[in-house]
1. Just to be sure I understand the filter: pairs with C-beta atoms under 6 Å, separated by 6 or more residues or on different chains, first member in segment 1-27 and within 18 Å of residue 89 (Cα to Cα), second member open to solvent by 100 Å² or more (accessible area, probe 1.4 Å). Which pairs pass?
2. Inside segment 41-61, can you point out the residues that are touching a Leu at 6+ places or on another chain (Cβ under 7 Å) and either closer than 24 Å to residue 104 by Cα or among the charged types (D, E, K, R) (or both)?
3. Residue under question is residue 119, and the condition is that it be at pLDDT 95 or above and β-branched (Val, Ile, Thr); does it hold?
4. Taking the stated definitions as given, is residue 52 within 23 Å of residue 71 (Cα to Cα), at pLDDT below 95 and surrounded by 14 or more Cβ atoms within 10 Å (Cβ to Cβ)?
5. Would you check which residues across segment 1-49 are over 10 Å from residue 63 (Cβ atoms), open to solvent by less than 70 Å² (accessible area, probe 1.4 Å) and among the aromatic types (Phe, Trp, Tyr) and list them?
6. In this structure, does residue 100 turn out to be in a loop (DSSP other than H, G, I, E, B) and closer than 13 Å to residue 3 by Cα?
7. Taking only pairs six or more apart or across chains, which ones have beta-carbon atoms under 7 Å, a first residue in segment 34-47 that is under 12 Å from residue 74 (Cβ atoms), and a second residue that is at pLDDT 95 or above and open to solvent by 70 Å² or more (accessible area, probe 1.4 Å)?
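The values are calculated or read from the model by the stated rules, or taken from the named source; none is laboratory data. This structure is a prediction, so every number in the text was calculated from the model and none was measured. All Cβ positions, even for glycine, are placed from backbone atoms using ideal geometry, and neighbour counts span all protein chains on display. Each accessible area value is taken on the protein alone, full model and side chains, heavy atoms only, with ligands, DNA and RNA left out. Shrake-Rupley method; radii C 1.70, N 1.55, O 1.52, S 1.80 Å.
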Amino acid sequence: HSQLIISRDIEFIKAEINKKKVQYQISPFSFIEINPEPSIGIAQVRSLKKSLTLMPAEGKYRLVVINDLQKATAEAQNALLKLFEEPSENTLIIATAPAGAKILPTIISRCRIIRQTSIGEFKTEKELMQLPGIGEAIAAKAREFVRTGHIQFLDQLLAEQGGLSAELMQIENLGPKR
């Protein structure tokens, strides 16, 4: 029940969170939101963990949203690991970030990744590789598919690498920048 939404689009993030609120009938009393002030520290994580020992205030599920996870300190991210790995049965966790570069790989590996990214934003394979789950070989292969006109294979390749959607990524923009 842990997800990481990677997007710079606030409206996309809000829509994804609202889908979960509706799907799991989350009441306002069972919704917890963590925001960086200016970072997310260990004290906020400890407070969150303490509040999660209680049952949801209303309904069967509670939803925890951790905004801008990339602003969490390394200590806070390490403290969140167990929570992402094994949330309680009645707790859904959604973390958000504009990119995955400053998030511990161990956290990324414990989350279902939801991306809304335009590959067109990336000028090089190195920039593309900063997305969680995209390695050097995948980035190079994606660019090669576009260069050779085999775009139909790109969607399958990217879907196998974490559910990336070619439509959302505007794959036609992947070609070399001019």
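1. These pairs meet every condition: 3/112.
2. Selection gives 45, 49.
3. On the way: at pLDDT 95 or above: no; β-branched (Val, Ile, Thr): yes.
Here the answer is no, as residue 119 does not meet what is asked.
4. Values: within 23 Å of residue 71 (Cα to Cα): yes; at pLDDT below 95: yes; surrounded by 14 or more Cβ atoms within 10 Å (Cβ to Cβ): yes.
Spelling it out, residue 52 is indeed within 23 Å of residue 71 (Cα to Cα), at pLDDT below 95 and surrounded by 14 or more Cβ atoms within 10 Å (Cβ to Cβ).
5. Answer for segment 1-49, where residues must be over 10 Å from residue 63 (Cβ atoms), open to solvent by less than 70 Å² (accessible area, probe 1.4 Å) and among the aromatic types (Phe, Trp, Tyr): just 12.
6. Working: in a loop (DSSP other than H, G, I, E, B): yes; closer than 13 Å to residue 3 by Cα: yes.
Here the answer is yes, as residue 100 does meet what is asked.
7. Listed pairs, sorted by first residue: 39/71; 40/71; 42/75.
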